[in-house]
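Visitor: Would you mind keeping the following structure in view while I ask a few things?
The values are calculated or read from the model by the stated rules, or taken from the named source; none is laboratory data. Model, not experiment: these values are computed from the prediction. A quick note on method: Cβ atoms are made from the backbone with ideal geometry, for glycine too, and the neighbour counts reach across all protein chains shown. What goes into the accessible areas is simple: the full protein's heavy atoms, side chains included, and nothing from ligands, DNA or RNA. Shrake-Rupley method; radii C 1.70, N 1.55, O 1.52, S 1.80 Å.
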Amino acid sequence: PFGIWMPPPIFVNCHHCHTKMWYWKQNSKKINVVYPFRNKKIEENALIDNSLGIQSRCKLLVKLQNIEDLNKIHDLIKSNKKYFIHGEGTNIVPPSFYDGLVLKADFNHINLNKNILNVGSAYNWTELVKFCIKNDINGFENLINIPGSVGASPVQNIGAYGADVSSL
């Protein structure tokens, strides 16, 4: 912090993903840990969000903001035999404890550039439909108010009232 002298950081290998991280020590206490991907952290024994409200935890949870974050934790993914890519949790019944790695992709963006619509996997499906209606992009109208995120739509093949995502 400004105005307070801090000793140089101590570099160590992350015990989760074996990449470099650094922290500062003050009076033998760890006061700040910075993982190799910006503004992210690896949570241990973290809650798994789900729409059913089931109390569920996982061994490790990593929140990702962009594809570079995913590249930076490649070794962590490889070192865990079990991993799960998590969206909004609207179509899962999680166990009380998942003994593996949960990747929470928070790619939550939407951009319309001429005829190209670019949408992040974490973007809410209903918000996408509303965006399309507002911007005169036709075909999504019957698919409004279906719970979940855009990333799950191809897997679930979202459909209602004679329309489905595979035909868009």
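Visitor: Please sort by residue number the trypsin sites (Lys or Arg not before Pro) in the stretch 46-129 whose DSSP state is loop and whose Cβ has at most 13 other Cβ atoms within 10 Å.
Guide: 81, 82, 114
Visitor: Roughly how many Å² of residue 44 are accessible to a 1.4 Å probe, to the nearest 10?
Guide: Its heavy atoms expose roughly 110 Å² to the probe.
Visitor: What nm distance separates the two modelled labels at residue 114 and residue 78, each placed 7 Å from Cα along Cα→Cβ?
Guide: Result for the modelled spin labels: 3.9 nm.
Visitor: Through the Karplus equation 6.51 cos²θ - 1.76 cosθ + 1.60, θ set to phi - 60°, convert the phi angles of the stretch 112-123 into ³J(HN,Hα) values in whole Hz; use x for Gly and Pro.
Guide: Ordered by residue, 3J(HN,Hα) equals 10, 10, 6, 9, 10, 9, 10, 10, x, 5, 8, 5 Hz.
Visitor: I'd like the Karplus ³J(HN,Hα) series for the stretch 155-165: coefficients 6.51, -1.76, 1.60, θ = phi - 60°, whole numbers in Hz, and an x wherever there's a Gly or Pro.
Guide: Along the stretch 155-165, the couplings run 6, 7, 6, 3, x, 6, 6, x, 10, 9, 4 Hz.
Visitor: In nm, to one decimal, how far is the modelled label at residue 130 from the one at residue 41, with both set 7 Å along Cα→Cβ?
Guide: Placing both labels 7 Å along Cα→Cβ, they lie 3.0 nm apart.
Visitor: Sorting 68, 43 by accessible area (1.4 Å probe), largest first, what list results?
Guide: Highest to lowest solvent-accessible surface, that is 68, 43.
Visitor: Counting only residues 5 or more places away or on other chains, whose amide H sits under 5 Å from the amide H of residue 83 once H atoms are built in the peptide plane?
Guide: 101
Visitor: Quick one: which residues, 5+ away or cross-chain, put their amide H under 5 Å from the amide H of residue 98? H built at 1.01 Å from N.
Guide: 57, 58, 59
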